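Colleague: Quick one: the structure is below, and I'll ask about it shortly.
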Amino acid sequence: MLVTQPIQTSTSSLSQSARDNVNEIQWTYILSFAVMHAMAMLVFIPYFFSWSGVLAFWTGVIVFGQIGIPICYHRQLTHGSFKTPLWLEHFFVVLALCSAQETPAKWVAWHRQHHGHSDEPEDPHTPLVNFFWAHIGWLCVKNKSRSSLSFYERYCRDILQDPFYMYLERNWLAFGWIYLTHAALYFLVSWGISYAVMGDSASAFQMAASLFVWGVLARTVYVWHITWSVNSLSHIFGYRNFKTDDHSRNNWFVALITGGEGWHNNHHGDQAAASLQTRWWELDLNYYFIKGLEWLGLATDVVPLARHRRRVSHVAVDPS
């Protein structure tokens, strides 16, 4: 096990072509981030606190944040680490959309580009710029190179062959409506159940507001940050089990808050594997979920750890 120090960063770590492509601020993202963070601060107001809200928060983190993002978007769609029936895959994608982290094609393409140019100037969120850039800054500017047809052809052609995913790309409002619908259902269902139990409109409204603030707003912001932490913390702080051609680290804290994604150097060492666990104490709860699906007959072709049989640089780019 090789213990490493934080890497040195530089604001000049983007190539000239990359700097030319990121010269326009993406105000829609910035305003969305600002509004959601401000609304999530409502958790600190006593009126919105309830233990039911806290339960809704953690349940949402697992259902939407872990099943949707690292398990479906990352391991299933991006790396093909396992397969499920199409109906279940689409269901997982809907869960991911409820975390407001873009459409599957965009998420997959960005992450595949990251693996193809990890910690190089063309890496979308290289930490060699600085921590802020790797964590959130890269999302706050428009990158023209990531909106071209050739970019999608290279990095996510297989994803866009699915009519549902192509529909989401061509009808971007559908993504927003899915998120808003799930948020509205959180409030309305919570209010209906609370009113049926309590029989008091004011108390039911307070409970519904609590579950909405904790289960939707705070959960969405929290899942954003734990996802972004894989890009930032896990490429700056931690230790390395494998000598990969990047700065990926195994970070126990990120692994704890993401269900295993923080064993990031292990992932870069064998990107196709469904498991990120190479030592007994590197617990990978997301992999255990995948194995549970396999046991139920809902997951097949679960890719085992097999670094000696696969190239370290495996990434599903430009499939034919």
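Colleague: Ratio of Rg to Rh for the range 182-228, alpha carbon only, Kirkwood? If you can, show how the numbers build up before the last one.
Modeller: Details: Rg = 12.3 Å, Rh = 11.0 Å.
Answer for the range 182-228: 1.12.
Colleague: So which of Lys83/Lys243; Lys83/Lys142; Lys106/Lys243 end up more than 31 Å apart, counting from Cα to Cα?
Modeller: Numbers: Lys83/Lys243 29 Å; Lys83/Lys142 33 Å; Lys106/Lys243 29 Å.
Over 31 Å Cα-Cα: Lys83/Lys142.
Colleague: Can you order the peptides 176-189, 73-86 by their average number of other Cβ atoms within 10 Å per residue, highest first?
Modeller: On the way: 176-189: 14.8, 73-86: 20.9.
Going by the mean number of other Cβ atoms within 10 Å, highest first, we get 73-86, 176-189.
Colleague: Fewest Cβ neighbours within 10 Å first, please rank Leu298, Leu31 accordingly. Write out the running numbers ahead of the final one.
Modeller: Details: Leu298 14, Leu31 10.
By the 10 Å Cβ count, ascending: Leu31, Leu298.
Colleague: Given the rule -39500 (n - 2.57) for each run of at least 4 DSSP H residues, summed and divided by the residues of the chain, what is its mean residue ellipticity at 222 nm, to the nearest 500 deg cm²/dmol?
Modeller: Helix-only estimate at 222 nm: -14500 deg cm²/dmol.
Colleague: Which value results when the Cα radius of gyration for the chain is divided by 2.2 N^0.38 Å? Show your work: numbers first, answer last.
Modeller: Details: Rg = 20.0 Å, N = 320, 2.2 N^0.38 = 19.7 Å.
Dividing the Cα radius of gyration by 2.2 N^0.38 Å gives 1.02.
Colleague: Continuing with this model, one more query. Tell me, what is the percent relative contact order of the range 22-309, built from C-alpha pairs under 8 Å that lie six or more residues apart? Don't skip to the end; give the middle numbers.
Modeller: Values: 424 pairs, mean separation 69.7, N = 288.
The value is 24 percent.
Colleague: Something else now. So which aspartates and glutamates pass the test for Lys144, namely a Cα distance under 17 Å, with those fewer than 8 places away in the same chain ruled out?
Modeller: Candidates past the 8-residue exclusion: Asp20, Glu24, Glu102, Glu122, Asp123, Glu153, Glu169.
Colleague: I've got another one for you. Quantify how much of the Cα-Cα distance distribution of the range 84-241 extends past 27 Å, in percent.
Modeller: On the way: 4832 of 12403 pairs.
Value for the range 84-241 (Cα pairs over 27 Å): 39 percent.
Colleague: Averaging over every viewing direction, what projected area does the convex hull of the Cα atoms of the range 43-123 cover, in nm²?
Modeller: Numbers: hull surface 28.8 nm².
Average of the hull's projected areas for the range 43-123 equals 7.2 nm².
Values in this text are rule-based calculations from the coordinates and carry no lab data. Every value quoted in this text rests on a predicted model; they were computed, and no experiment measured them. Counting neighbours? That spans all protein chains shown, and the Cβs are built from the backbone with ideal geometry, glycine included.
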